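Accompanying notes for the structure given below.
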Amino acid sequence: MKIIEIKAKEIFTKNKLGADWVINPYFGCGHQCLYCYAKFIAKWKPKEYDQWGAWVEAKINAPELVKAKNVKGEVFMSSICDAYQPVEKELKLTRRTLENMDKNIKLSILTKSDLVLRDIDVLKQFNKIEVGLTINSFV
């Protein structure tokens, strides 16, 4: 897995997907799901990145950016990555971002990883939170 550390200009993206804002601490995903709807985005990335699932951009300044901007409404984490994908185990970008986030927002997280259990202590600090788990059953 190629990890590309980047500094993002913004971390909250206004959207119309059912939440007011989306936050993605990563761009790309190491799960390499065959059904992933986000892999088309790879066509705008440099060719040396290789195929979707072989690289992840880590927004290393995500924890600082979320602290600097207070948003109102509902926030969905993550629309083009899994916030708890394998690289999160070492980088802890999601955890540090959650620690710095306003705990009064409504937060929704969707993941397929049990790594989310590591952050229960932080998740319990949010007043309005929902965590969804994706379960695959390919035969």
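The values are calculated or read from the model by the stated rules, or taken from the named source; none is laboratory data. A quick note: this is a predicted structure, and the numbers were derived from the prediction, not measured. For neighbour counting, all protein chains shown are included, and Cβ atoms are generated from backbone atoms with ideal geometry for every residue, glycine included. Quick note on the areas: whole protein, heavy atoms, side chains included, nothing else; ligands and nucleic acids left out. Shrake-Rupley method; radii C 1.70, N 1.55, O 1.52, S 1.80 Å.
Result for the chain in a Gaussian network model with C-alpha springs under 10 Å: among 13, 111, 94, the largest mean-square fluctuation is at 13.
Heavy-atom accessible surface of residue 99, to the nearest 10 Å², is about 90 Å², with a 1.4 Å probe and all protein chains retained. For the chain, relative contact order (Cα pairs under 8 Å, six or more residues apart, normalised by length) works out to 26 percent. Computed with a 1.4 Å probe over protein heavy atoms only, the accessible area of residue 1 comes to about 110 Å². Within the same chain, aspartates and glutamates fewer than 8 places from residue 89 are excluded, and of the rest, those with a Cα less than 20 Å from its Cα are 5, 57, 64, 99, 114, 119, 121.
Which of the three applies to the chain, rounded, prolate or oblate, going by the alpha-carbon gyration tensor with a ≥ b ≥ c and a/c under 1.5 meaning rounded?
Because a/c hits 1.5 or more and a/b exceeds b/c, the chain counts as prolate.
When a 1.4 Å probe is rolled over the protein heavy atoms, the share of accessible surface on the chain that falls to carbon and sulfur comes to 55 percent.
Compared with the alpha-carbon gap, the fully stretched path from residue 74 to residue 45 is longer by 7.5 nm at 0.36 nm per residue.
Using the 1.4 Å probe convention, the accessible area of the chain works out to 58 Å² per residue with neighbouring protein chains retained. For a modelled paramagnetic label at residue 32, 7 Å from Cα along Cα-to-Cβ, the residues of region 80-104 in reach, with backbone nitrogen under 14 Å, are 86-87.
Rounded to the nearest 500, the helix-only mean residue ellipticity at 222 nm of the chain stands at -3500 deg cm²/dmol, with each DSSP H run of n ≥ 4 adding -39,500 (n - 2.57).
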